[in-house]
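Trainee: I am attaching a structure below and will ask some questions about it afterwards.
Every number in this text was worked out from the coordinates using simple rules, so none of it is lab data. None of these values were measured; they are calculated from a predicted model. Cβ sites come from the backbone with ideal geometry, for glycine too, and all protein chains shown count toward neighbours.
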Amino acid sequence: MAATNRPLANRILLGLVIGTVAGLATLAVGRVAPGVLDFMRKVSTQVFDPLGQVFLRMLFFVVIPLVFSSLATGVVQLGRLDRLGPLAGRTFALFFLNMAIGVGLGLVMMNVLQPGNHLDPAAKARLLAEYGGAAQQHIATHAAAPAVNAMTFVEMFMPKNLLGAVAGHSDAVLGAVLPLILFAILVGAVGTQLAEEKRRKLQEFLDLVSELMTGIVHFALRLAPYAVPAMIYSVIVKIGVDILIALGVFALGCIAVMMLHLFGTMSLWLKCWTDRRPLQFFRDIRAVLVTAFSTSSSNATLPAALDCARDTLKLRPSVSGFVLPLGTTMNMSGTALYEGCVVLFVAQVFGVDLTLVQQLTLLVLAVFSAVAVAGIPGGSLPLIAGLLVTFNIPAEGIGIVLGVDRLLDMARTMTNVGADMVTTAVVDRQETRAEARASGS
């Protein structure tokens with residue numbers, strides 16, 4: 001699998017370059033011939049966007065059954081229920097630490113650069129005029145983030161109607177994944193208590209479902225080298241360079257701190273808690289990172305991540321099958337980092353000064369709200385709007401970042417998925433050491 005992933009990753013990267021160059025060339029031509037740019041924007045909407053959606057939706061087809069089967073299998077493979085507690089404890093502790101570090105780095109960067117305080121007033125007015133209506137639409141069509149309390153988490157993980165929550169309220173959105181995760185864990189936990197023959201049959205069934213879903217993903221990946229440049233091109237010709245330049249400090253700052261967290265913090269984790277070399281590790285997961293970057297979807301990247309963990313990194317299926325599906329929804333360090341940066345950026349733009357205590361509160365809320373973000377492109381926007389309201393910042397301020405959100409979505413998704421892979425390797429190593437200590441005693 002590793003050998004076949006490398007040509008695919010190279011073709012996707014080539015597609016990214018081709019799409020980017022073509023998009024910038026179209027913008028350059030559009031300066032002297034605006035009609036060409038208008039025409040290509042229409043072509044992007046009518047041709048390139050549907051091609052990209054075919055690729056994405058083939059991946060989304062398998063998200064729900066794949067999350068359930070892989071997570072339940074991971075629990076069943078533990079063999080004994082008493083092994084679930086330590087595994088879950090290590091996993092959740094690393095998730096929280098990962099996201100808290102990410103948000104902390106983002107807030108430090110925003111306080112140092114303060115891009116919102118240097119945004120050109122004319123550019124700010126143009127951005128609000130262009131994206132203000134879109135921001136209101138996002139807020140109106142999505143429920144704002146609820147107040148974080150005990151009942152919030154009950155509703156998030158245990159809705160009254162499991163099938164209704166997982167199926168979703170319309171065909172335009174993915175269903176809720178958190179309740180599915182809890183249900184899969186319960187099914188796996190009960191499965192460990194079954195008689196050996198029944199447990200084996202359950203595991204074989206879940207493995208079969210995972211294999212079938214992975215087969216569908218392989219069909220979808222044949223479209224990737226063509227769908228990815230189409231999506232990139234469409235994003236560039238619709239955003240334009242003027243808005244990107246106006247938000248350049250903010251966007252580059254976010255990307256820089258995301259890369260610092262992914263390749264800096266995560267390299268330290270690998271060095272301190274595993275015996276893997278960081279450079280080789282990131283080479284091994286290159287195809288996964290490229291898939292995450294190009295699709296902007298943690299859910300869509302899950303099949304590739306599971307394949308890489310099993311075949312390339314040689315991690316135990318009982319660990320990767322447990323940690324990776326959970327991480328797809330809960331270990332969102334890039335998203336939490338981005339949410340904190342956006343709130344602080346918009347606060348700077350509107351002249352709202354957040355104190356140290358408020359920024360620490362923002363850190364905690366960003367971590368918890370990131371857990372509720374759907375692992376799909378743009379899934380964090382409703383939660384960001386809710387955070388803005390929480391700190392008395394005009395919610396329409398989200399319109400300022402919508403122009404660059406798609407590009408930053410790629411970077412934060414890659415950070416999310418990369419951190420998932422590192423966390424899985426760390427947990428796998430910790431489990432191995434724990435078993436060695438237990439057998440030695």
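Trainee: When ranked by the protection proxy of mean other Cβ atoms within 10 Å per residue, highest first, what sequence do the peptides 199-208, 411-420 form?
Mentor: In descending order of packing, they fall as 411-420, 199-208.
Trainee: Then there's this: Once you list every other residue whose beta carbon is under 14 Å from the beta carbon of Tyr233, what net charge do they have if Lys and Arg are +1 and Asp and Glu are -1?
Mentor: Counting the neighbours of Tyr233, the net charge comes to +3.
Trainee: How far is it, in nm, from the label point at Leu97 to the one at Lys314 when both lie 7 Å from their Cα along the line to the Cβ?
Mentor: 2.5
Trainee: Sort Asp353, Asp307 so that the residue with the fewest other Cβ atoms within 10 Å of its own Cβ comes first and the one with the most comes last.
Mentor: Lowest to highest Cβ neighbour count: Asp353, Asp307.
Trainee: Still on this structure, I have one more. Could you compute the net charge surrounding Gln359? Neighbours are other residues with a C-beta less than 14 Å from the C-beta of Gln359; K and R count +1, D and E count -1.
Mentor: -2
Trainee: Which order, highest average first, do 10-21, 26-37 follow once you tally other Cβ atoms within 10 Å for each residue and take the mean per peptide?
Mentor: Per-residue mean Cβ counts within 10 Å order the peptides as 10-21, 26-37.
Trainee: Sticking with this one: Could you please state, rounded to a whole Å, how far the C-alpha centre of segment 8-64 is from the C-alpha centre of segment 407-441?
Mentor: 34
Trainee: Can you give the extra length, in nm with one decimal, that the chain gains between Lys238 and Cys272 once fully stretched, where that is 0.36 nm per residue apart less the Cα-Cα distance?
Mentor: Computed gain between Lys238 and Cys272 is 7.9 nm.
Trainee: Could I ask something else about it? Peptides 229-235, 187-193, 335-341: what's the order by average Cβ count within 10 Å, highest mean first?
Mentor: My ranking of the peptides, most packed first, is 335-341, 229-235, 187-193.
Trainee: Find how much the distance from Thr355 to Asp38 grows on full extension, using 0.36 nm per residue of separation minus their present alpha carbon separation; answer in nm with one decimal.
Mentor: 109.6 nm
Trainee: Need one number: nm distance between label points at Lys198 and Arg11, each 7 Å from Cα along Cα→Cβ, rounded to one decimal.
Mentor: Those two pseudo-labels are separated by 4.6 nm.
Trainee: So, counting K/R as plus one and D/E as minus one, what does the shell of residues with Cβ under 15 Å around Leu206 add up to?
Mentor: My count for the surroundings of Leu206 gives +2.
Trainee: Take Asp49 and Arg31, extend 7 Å from each Cα along the Cα→Cβ direction, and tell me the distance between the two endpoints in nm.
Mentor: Using points 7 Å along Cα→Cβ, the separation is 2.7 nm.
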